[in-house]
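> I'd like to ask some things about the structure below.
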Amino acid sequence: MRISWHTRLPWAGLGLALAALPGLALANADVEKLTANPKNWAMQAGDMYNQRHSQLKQINTGNVGKMQVAWTFSTGVLRGHEGSPLVIDGTMYLHSPFPNKVWALDLESQKILWKYEPKQDPAVIPQMCCDTVNRGLAYAEGKVFLQQADSNLVALDAKTGKVVWTVKNGDPKLGAVNTNAPHVFKDKVITGISGGEWGVRGFLAAYDINTGKQVWKGYSVGPDAEMLIDPKTTTTWMDGAVKPVGPDSSLKTWKGDQWKIGGGTTWGWYSYDKALNQVFYGTGNPSTWNPAQRPGDNKWTMSIWSRDVDTGKVKWVYQMTPYDEWDFDGINEMILADINVKGKPTKALVHFDRNGFAYTLDRTNGALLVAEKYDPVVNWATHVDMKTGRPQVVSKYSTAQNGPDVNTKGICPAALGSKDQQPAAYDPETKLFYVPTNHVCMDYEPFQVEYTAGQPYVGATLSMYPAPNSHGGMGNFITWDAGTGKIVQSKAEKFSVWSGALTTAGGIACYGTLEGYLKCVDKKNISKELFKFKTPSGIIGNVFTYEHKGKQYLGVFSGIGGWAGIGMAAGLEKDQEGLGAVGGYRELSQYTELGGSLTVFALPN
Amino acid sequence: MLRKLLLGVVLFAAGASYGQDQTPLYTVVDGYKVDPFTMKGFRTWRAAACDRCHGANQEGLVGPSLVNSLKTLSKADFVKTVRDGRLDKGMQSFGSSQQVMDNIDALYAYLKGRSDGAITRAKVEPIPQ
């Protein structure tokens, strides 16, 4: 049985009753109601647990093979299309990459009800190098929330598209731009910041949904007060137990003032547990990519966070990759699920990290329960020490131990991780996680670089290629048992699976591929491909589903781009290898072209 | 003396390129050993993270191939593009980056060497003294 906040109907009623009382932080009854109705797709993940599971079952294992294209919509934008539209009571809200256009479509006629196109300084485009993605909108109480690239967070009237309020979330002149989707939890819209490659100091911020007024802002690195950490009550996993972090837990792990340009950005997907009143998310890489320039654990970059939604106060924090030497951003989504972990019913948080380990934590206190490789080729660490929570680094693949100007070869995974932003799904029936993954390794050469405000601050040259001695492809779609830390099934793909997965009560699991195929498989046996359709461009968007007038629809954005789609895999030692297997993603051009569009499928009448 | 002469022969073989004042734009040995000035250009290329868009081999990613572009782009246009950017196309302005602007001639020399095919791989090393 699926236990999640929106099935607890009495709470929804209570939320409405409390709404009349001033001064109380209220559950957002509107979003609760909308997401509880499987006909809608009212949040980016479908719910606040980040599960990406739908109760709809009209499209099922028996008939999904008959699906046809119902309608399509071009965004007219050429860059990578991440995220998915929202569907709320007969209206669909779509977004595009920069310039971040927003449309409201009437689902009956597919007529454009309104369109919003912000004017943004084009100077932010190159700061989003190398792609200008946007991961989608949020909705609550008649407002659509857009986190623009130029860091402006905007609330639009859902009926008219008119701007209700705008707030500046970061300074693009310093490279602080945005690609993340805003998330509405309670009466707040939560957003983060990008720019780890520009030396931006990351944070998570909460704004009042009605006024746009900032309620709290918690930094990822720096003094306790600015991170909203209480040295006595904020805990972390150490010595096999949950213990207070103690004073200056971040400052002590940086040399001098380096934390000020230390990264820890927050461009992923956030989740929320109403019962705990906590928001969960991850922080990205420390800046620069050259570890020699920033000795120490660089806390709290590369970490999982649990913050109080009302105050931002940090309940617990856990660092996955102390002193990152590989750009293993920790921003991937935190999926909340109530599962058996090693036989014990647990309020779990499950996270598939860029570093190649999948973590299962007790989300009530941050205790580490499981940390195992979810791609067997992961080699930079042998294992995670369950007592200290630290990965045991293999010297051969340590870019810090090998030092600057040395090209460390054969590191698995590559910087784009065993999984990047492409979100996994959790299916409450099979109790498995459906994970789109990368199967890519790299050579990594760090070098000295100087910080200049508003300029790239990277300091490493990378080359990436398919995992050697494997199936030759650059991705796998896997199912994962988070209670034991084991891969259950693995389905090989030619390219990285950069699209977010969906599971449904109809027994299917669906995902997109970089070549542009939407694929639906039997969720009990993922090697059984039940449906395959080539959309107009490569897919890095997330599969979603909704129902309109008794008919179930299933859709996905296509529009190649993002890190994988752009083709990061140059940087070869030998030029003659240039266009061969080593330049893996270059081959994509044989399969697909740029161009953003939505394809919506349904069963024939 | 002999060493200098030999070097000259190698340079000729590699097709060294000359600027307007007839001093070499870059000098290269074995396709990847370069003079200190060109070396500075390579270090600038790396520090400014140009590879994020143009690829670690200058063959292009989201940005165009510089191996191709520098066959037709004049020095003046190159400097203008780096200084002012082409914002709508995603090329940022490096006008405020002292490191890039101080070394723009060296950066040009390095990239021109790549484009000419004289520098045969992206990663170069100093000519041993």
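The values are calculated or read from the model by the stated rules, or taken from the named source; none is laboratory data. Note that this is a predicted model, so its numbers are computed, not measured. In this analysis, Cβ positions are derived from the backbone assuming ideal geometry, glycine residues included, and neighbour counts consider all displayed protein chains. Just the protein is used for accessible areas: all its heavy atoms, side chains included, with ligands, DNA and RNA removed. Shrake-Rupley method; radii C 1.70, N 1.55, O 1.52, S 1.80 Å.
> For region A:1-26, which positions are over 18 Å from residue A:87 (Cβ atoms) and either under 24 Å from the mean Cα position of the chain (by Cα) or at pLDDT 95 or above (or both)?
A:2, A:3, A:4, A:5
> Could you grab me the full set of residues in region A:411-437 that are within 15 Å of residue A:467 (Cα to Cα) and touching a helix residue (DSSP H, G or I) at 6+ places or on another chain (Cβ under 7 Å)?
A:411, A:416, listed by residue number.
> I'm checking my understanding of the structure. Among residues of region A:451-475 that are in contact with a helix residue (DSSP H, G or I) (Cβ under 6 Å, 6 or more places away or on another chain) and open to solvent by 50 Å² or more (accessible area, probe 1.4 Å), which one is farthest from the other protein chains (Cβ to nearest Cβ)?
A:451
> Can you pull out every residue in region A:201-229 that is more than 17 Å from residue A:145 (Cβ to Cβ) and either of a type in the set (Gly, Ala, Ser) or out of contact with any strand residue (DSSP E or B) (no Cβ under 7 Å at 6 or more places or on another chain) (or both)?
Correct list: A:202, A:218, A:220, A:221, A:222, A:223, A:224, A:225.
> Right, here's the next one. Condition first: of a type in the set (Val, Ile, Thr) and in contact with an Asp or Glu (Cβ under 8 Å, 6 or more places away or on another chain). Can you find one or more residues in region A:371-378 that meet it?
No, that holds for no residue.
> With the structure loaded, tell me whether residue A:96 is open to solvent by 20 Å² or more (accessible area, probe 1.4 Å), within 15 Å of residue A:556 (Cα to Cα) and modelled with pLDDT of 95 or more or whether it fails that test.
The answer is no for residue A:96.
> Still on this structure, I have one more. If I ask for residues that are in a loop (DSSP other than H, G, I, E, B) and either away from chain B (no Cβ under 14 Å) or buried (at least 24 other Cβ atoms within 10 Å of the Cβ) (or both), which ones from region A:109-127 would you list?
A:109, A:110, A:111, A:117, A:118
> Restricting the search to region A:297-324, which residues are open to solvent by 10 Å² or more (accessible area, probe 1.4 Å), touching a helix residue (DSSP H, G or I) at 6+ places or on another chain (Cβ under 7 Å) and on the phi < 0 side of the Ramachandran plot?
Residues satisfying the conditions are A:297, A:299.
> Quick one: how many residues across region B:35-70 are of a type outside the set (S, T, N, Q) and part of a helix (DSSP H, G or I)?
17
> On to the next question. Return the only residue of B:81, B:72, B:38 being surrounded by 19 or more Cβ atoms within 10 Å (Cβ to Cβ) and modelled with pLDDT of 90 or more. Explain how you work it out, then say what you get.
Numbers: B:81 fails: surrounded by 19 or more Cβ atoms within 10 Å (Cβ to Cβ); B:72 fails: surrounded by 19 or more Cβ atoms within 10 Å (Cβ to Cβ).
Only one candidate passes the filter, namely B:38.
> Scan region B:59-68 and give yes if some residue there is closer than 28 Å to residue A:445 by Cβ, more than 13 Å from every other protein chain (Cβ to nearest Cβ) and open to solvent by 10 Å² or more (accessible area, probe 1.4 Å), otherwise no.
Within region B:59-68, one or more residues are closer than 28 Å to residue A:445 by Cβ, more than 13 Å from every other protein chain (Cβ to nearest Cβ) and open to solvent by 10 Å² or more (accessible area, probe 1.4 Å).
> Looking at region A:135-146, is at least one residue open to solvent by 30 Å² or more (accessible area, probe 1.4 Å), of a type in the set (D, E, K, R) and farther than 16 Å from residue A:179 by Cβ?
The answer is yes; a qualifying residue exists.
> Can I ask one more? Take region B:84-115 and flag every residue that is open to solvent by 40 Å² or more (accessible area, probe 1.4 Å), within 14 Å of chain A (Cβ to nearest Cβ) and part of a helix (DSSP H, G or I).
B:84, B:87, B:88, B:89, B:98, B:99, B:101, B:102
> For a quick check of your reading: which strands (runs of 3 or more DSSP E) sit entirely within region A:496-551 and have at least 2 residues that are open to solvent by less than 10 Å² (accessible area, probe 1.4 Å) and hydrophobic (A, V, I, L, M, F, W, C)? If you could, list the steps in order and put the result at the bottom.
On the way: elements: A:502-504, A:508-512, A:517-522, A:525-534, A:544-548.
Counting at least 2 such residues, we get A:508-512, A:517-522.
> Something else: Please indicate, with yes or no, whether at least one residue in region A:147-160 is among the hydrophobic types (A, V, I, L, M, F, W, C) and closer than 20 Å to residue A:541 by Cβ.
Looking for residues that are among the hydrophobic types (A, V, I, L, M, F, W, C) and closer than 20 Å to residue A:541 by Cβ, one finds at least one in region A:147-160, hence yes.
> Within region A:173-192, can one find any residue that is away from chain B (no Cβ under 14 Å), open to solvent by 10 Å² or more (accessible area, probe 1.4 Å) and β-branched (Val, Ile, Thr)?
Yes, because at least one residue in region A:173-192 is away from chain B (no Cβ under 14 Å), open to solvent by 10 Å² or more (accessible area, probe 1.4 Å) and β-branched (Val, Ile, Thr).
> Sticking with this one: What's the number of the condition residue A:189 fails, among (1) more than 11 Å from residue A:212 (Cβ to Cβ); (2) among the hydrophobic types (A, V, I, L, M, F, W, C); (3) in contact with a His (Cβ under 8 Å, 6 or more places away or on another chain)?
Failed condition: (1).
> Shifting gears a bit: Looking at the structure I just gave you, is residue A:444 modelled with pLDDT of 90 or more, touching a helix residue (DSSP H, G or I) at 6+ places or on another chain (Cβ under 7 Å), part of a strand (DSSP E or B) and within 14 Å of another protein chain (Cβ to nearest Cβ)?
yes
> What do you reckon, is residue B:120 assigned to a helix (DSSP H, G or I), among the hydroxyl-bearing types (Ser, Thr, Tyr) and either on the phi < 0 side of the Ramachandran plot or at the interface with chain A (Cβ under 10 Å from one of its Cβ atoms) (or both)? Before the answer, list the steps.
Details: assigned to a helix (DSSP H, G or I): no; among the hydroxyl-bearing types (Ser, Thr, Tyr): yes; either on the phi < 0 side of the Ramachandran plot or at the interface with chain A (Cβ under 10 Å from one of its Cβ atoms) (or both): yes.
Against the criterion (assigned to a helix (DSSP H, G or I), among the hydroxyl-bearing types (Ser, Thr, Tyr) and either on the phi < 0 side of the Ramachandran plot or at the interface with chain A (Cβ under 10 Å from one of its Cβ atoms) (or both)), residue B:120 does not qualify.
> Scan region B:116-129 residue by residue and report those that are open to solvent by less than 60 Å² (accessible area, probe 1.4 Å) and touching a Pro at 6+ places or on another chain (Cβ under 9 Å).
Result: B:127, single match.
> Quick test of your reading of the structure: residue B:128 fulfils all but one of (1) more than 13 Å from every other protein chain (Cβ to nearest Cβ); (2) outside any loop (DSSP other than H, G, I, E, B); (3) not polar (S, T, N, Q). Name the failing condition by number.
(2)
> Got at least one residue in region A:240-256 being in contact with a Leu (Cβ under 7 Å, 6 or more places away or on another chain) and among the aromatic types (Phe, Trp, Tyr)?
Checking region A:240-256: not a single residue is in contact with a Leu (Cβ under 7 Å, 6 or more places away or on another chain) and among the aromatic types (Phe, Trp, Tyr).
> Continuing with the same structure: Quick test of your reading of the structure: residue A:478 fulfils all but one of (1) in a loop (DSSP other than H, G, I, E, B); (2) of a type in the set (A, V, I, L, M); (3) more than 14 Å from every other protein chain (Cβ to nearest Cβ). Name the failing condition by number.
(1)
> While we're on this one: Need at least 2 residues that are open to solvent by 10 Å² or more (accessible area, probe 1.4 Å) per element, so show me which strands (runs of 3 or more DSSP E) inside region A:215-296 make the cut, counting only ones lying wholly within it.
In region A:215-296, A:235-238, A:241-244 are the strands (runs of 3 or more DSSP E) which contain 2 or more residues that are open to solvent by 10 Å² or more (accessible area, probe 1.4 Å).
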